[in-house]
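Colleague: Submitted below is the structure of interest, expressed as structure tokens.
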Amino acid sequence: MISDSSTFCAIVFIINITLVSQPVFAQDKEEQVQVENNAIEVIEVTARKTVESLQRVPVSVTSLSGVKLKKRGVDTLNEVYQYSPNTTLQVSTATNSTLSAFIRGVGQDDQLWGYEPGVGIYIDDVYAARPQGAVLELLDVERIEILRGPQGTLYGKNTLGGAVKYITREMTGDSEFDVFTTIGSYDRKDLKVTGQVPLVEDKLYLGFAGASLNRDGFGRFVTSDLSGQNRENYNKDVTASRLALEYHGSEQFFARLNYDKTIDDSNARGGHRFLPSVLPSSMSVEPIPSNVYDAGTSSPTWNELTTEGVSLTLSYQFNDTWSIKSVSAKRQNYSLANIDFDNTHLRIFDVPAIYDDEQFTQEFQLNYQSGKLNLVSGLYYYDAESCGVFDAIIDVLGGMMGVPGFTIEVSGCSDSKSIAAYSQGSYRFNNKLSMTLGARYTREEKQAEVFNGAVFETLYPKDQWVDNFERNQALVASSIVKVLDDSKKWSRVTPKLGFEYQYNDDLMYFFSYSQGFKSGMFNPRASTPEPAVNPEVVNSFEVGMKSEWFDRLRINATLFTLDHKDRQFVTVLEGDGPGDLDQRLGNIAKSDANGLELEISFSATNALDINFSLGLIDTGFTEALTYNGIDYDDISDRFSIIQTPNTNANLGFDYNFGTEFGDFNLNGNYFYRSGYDLIVLDNLKSQSGFGLANLSLNWFSRGGHWQVGLHAKNITDERYLTGSFAFVTRDPESGEYVPGLAGDNIFNGYYGEPRTIALTIGYLF
């Protein structure tokens, strides 16, 4: 936890660096030229929707180039979080392609349709509304930007924690064709192909990228109730493709048509059981596997996900001052998922599910740039439908009740439409002082239907989910009834105010206030016609410094505080009548956070670069309410901020050297996370602190055609939890676990990747 004294020390540290080192800016140009060859890398970002230097943007942002990520062997979006303070990007529990994202303790762990994320994911300026399919493969990527803190003005709803931007490469107009193949641990076999072709010289270019990614599982499904199943657990089977058509009509006009598609046929993920079963020995429940990557299952082991999108970007530069931009896009996901919560060969608690999402977005942007005023304004339209169905199969409990099966089915749709208008400008009063002022108005309407009911048989979402299964439509129609059909509108203004003081060319201080919100919603698990909940809101204050020293040392630091209110959780609320109790979704909780983020880059020599990042955060719930029949009780002591360690740090290096045989790059990093909780309410499982060590060696041929990379990740083979499910309670006096839903000890965890080694060989034609 961060104390007041440690926060004070951090402030003093920043001030001291500034005061002690100040004379360097008075040095002669001749002295600066001496270190010119060691100059630190210039980084450009689009955090404010225009291309700017990282050091001139008053936003807490980490930018990682595609070149650097390739050298480090980073293959997927979820690996990037190691390099960004106070950030968590992880594969969600039980699925291979669903992203769980948290920034500064703000995010969303429940991935059911209707729930909104707390961190926005953007693919070439297109918002990806659903977490399914958001574990993006880094294919032909220019850079990844991670914006920390609310981005409600320029980026809108569901960016109350921050935003992650995936930016693909803009084409050069030259003919290119690159092939990369990778072999590695667990029989990894990858093939990536990228390239571009000029269709009309200097005018029209076609770009393409494709990947086939395959790997055996880290473990196995050691038992299975179904025959003919792929028994690999934590495996990978992904194909991804991208096409782009770029038109450069003139220096003023640019057009780009993008298409991407990913098919993920990786298996469902089986969790590691923490507790033995309490069912009778006659049911022959298998013992807990010794390998944390092994599991049992009574569900099909397959998962299927298809995600694709198309976008059209048009931009026109009228003159040095005015420009316009249009981004039209459509994205859709279709996912079939199998989650076995009990991880045994018995159908104690199995959840097969379908997620079906579609969205259309349109943004018009008008930019103005002059000597004193830079202005970004726009209109935004969003239209999306998110539907799904899941079956909670609890057959063992049904057998105890004397029925052949027992399934609770929930299905429904959440339709969302929103329009927004925004404007944000930065005005420079003089050579040193600037002010940023912005606001966004959002009007949103949601319409939701929820069906809920139970049948005394084994039910799956569609025919042939398992062999010879056909849904009894008459039984479903009579038992699964509509419990909610409602709509609601919200409107909100999210402001931003900031001041920047440019002390000189190499040192900037900034202060900002910003607000973000997560959309209101209806409960997708409703069993009664409960009302909608209002949006969540985050108010955040930041004070920061961006600086460069001696042309080779970069130090960026931010102190922040945030207030997160109207948080959406299921609790006991007042019912319709006096003294009635109703368990439903409500805006019942508040939390806050205070923290420090520090990023340092040092070009030590012509060959050696050193980088360091540190995130410190003190966060927790300040209020969480539940109704006792007379009044509300505060149970905030039972709530935990999950996936948010108090400390995370990364120390890395890049060393480049040339030989007569070609150029080499040696890089590595050590990433540390202190302990963190995994379950929001009555947390029963925490991950203790751990570190990950990674090392890569890259070779580039003299002619520039051949590239070879050897990458070792998690060298010490750390076992660390990324998520957990707990359908048990714990007696506070005895410490014994009490079975919850489905009548058995259902308490499991999901783990990050073990030690892996991979060899990549590429040829650039």
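The values are calculated or read from the model by the stated rules, or taken from the named source; none is laboratory data. Note that the coordinates shown come from a computational prediction; the quantities given were computed from them, not determined experimentally. Neighbour counts are summed over all protein chains in view; Cβ atoms, including those assigned to glycine, are modelled from backbone coordinates with ideal geometry.
Colleague: Filter region 517-547 for residues that are assigned to a strand (DSSP E or B) and small (Gly, Ala, Ser); which is nearest to ASN158 (Cα to Cα)?
Modeller: Once the filter is applied, the top-ranked residue is SER540.
Colleague: Could you tell me which of the residues VAL403, VAL396 is within 30 Å of VAL476 (Cα to Cα), touching a residue at least 40 places away in the same chain (Cβ under 8 Å) and surrounded by fewer than 16 Cβ atoms within 10 Å (Cβ to Cβ)?
Modeller: It is VAL403.
Colleague: Then there is this: Can GLY219 be described as buried (at least 22 other Cβ atoms within 10 Å of the Cβ) and more than 14 Å from ARG169 (Cα to Cα)?
Modeller: Spelling it out, GLY219 is indeed buried (at least 22 other Cβ atoms within 10 Å of the Cβ) and more than 14 Å from ARG169 (Cα to Cα).
Colleague: Turning to a different aspect of this structure: State whether the residues of region 713-734 include one that is in contact with a strand residue (DSSP E or B) (Cβ under 6 Å, 6 or more places away or on another chain), under 30 Å from ALA268 (Cα atoms) and of a type in the set (Phe, Trp, Tyr).
Modeller: Yes, because at least one residue in region 713-734 is in contact with a strand residue (DSSP E or B) (Cβ under 6 Å, 6 or more places away or on another chain), under 30 Å from ALA268 (Cα atoms) and of a type in the set (Phe, Trp, Tyr).
Colleague: Can you tell me which condition ASP174 does not meet? The list is (1) within 30 Å of ASN291 (Cα to Cα); (2) at pLDDT below 95, and all the others hold.
Modeller: Just one mismatch for ASP174, condition (1).
Colleague: Could you check region 345-371 and list, in sequence order, the residues that are hydroxyl-bearing (Ser, Thr, Tyr) and crowded, with 19+ Cβ neighbours inside 10 Å?
Modeller: TYR355, THR361
Colleague: Does ASP342 fit the bill of being part of a loop (DSSP other than H, G, I, E, B), crowded, with 19+ Cβ neighbours inside 10 Å, touching a residue at least 40 places away in the same chain (Cβ under 8 Å) and of a type in the set (Asp, Glu)?
Modeller: Judged against the criteria, ASP342 is a match.
Colleague: Considering every residue within region 432-439, establish whether at least one is touching a Pro at 6+ places or on another chain (Cβ under 9 Å), of a type outside the set (Gly, Ala, Ser), over 30 Å from PRO300 (Cβ atoms) and surrounded by fewer than 21 Cβ atoms within 10 Å (Cβ to Cβ).
Modeller: yes
Colleague: Among THR88, THR93, which is the only one that is assigned to a loop (DSSP other than H, G, I, E, B), polar (S, T, N, Q) and within 22 Å of GLN568 (Cβ to Cβ)?
Modeller: THR93
Listed here are the residues, each with its yes/no results for (1) farther than 14 Å from LYS590 by Cα; (2) in contact with a strand residue (DSSP E or B) (Cβ under 6 Å, 6 or more places away or on another chain).
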site	(1), (2)
ALA607	yes, yes
ASN611	yes, yes
LEU616	yes, yes
PHE621	no, yes
THR626	no, yes
ASP637	no, no
GLY652	yes, yes
ASP663	yes, yes
ASN667	yes, yes
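Colleague: Could you list, in sequence order, all residues of region 703-743 that are at pLDDT 95 or above and among the charged types (D, E, K, R)?
Modeller: Scanning region 703-743 gives LYS713, ASP717, GLU718, ARG719.
Colleague: Farther than 27 Å from PHE725 by Cα, touching a residue at least 24 places away in the same chain (Cβ under 8 Å) and of a type in the set (Phe, Trp, Tyr): which single residue out of TYR627, TYR655, TYR632 fits that description?
Modeller: That would be TYR655, the only listed residue that is farther than 27 Å from PHE725 by Cα, touching a residue at least 24 places away in the same chain (Cβ under 8 Å) and of a type in the set (Phe, Trp, Tyr).
Colleague: Quick check on this structure: which one of ARG567, ARG554, ARG584 is in contact with a Leu (Cβ under 7 Å, 6 or more places away or on another chain) and either not β-branched (Val, Ile, Thr) or not in a strand (DSSP E or B) (or both)?
Modeller: Matching residue, one of ARG567, ARG554, ARG584: ARG584.
Colleague: Among the residues of region 625-658, which ones are over 31 Å from the mean Cα position of the chain (by Cα) and under 19 Å from ASP609 (Cα atoms)?
Modeller: ASN656, PHE657, GLY658 - these are the residues of region 625-658 that are over 31 Å from the mean Cα position of the chain (by Cα) and under 19 Å from ASP609 (Cα atoms).
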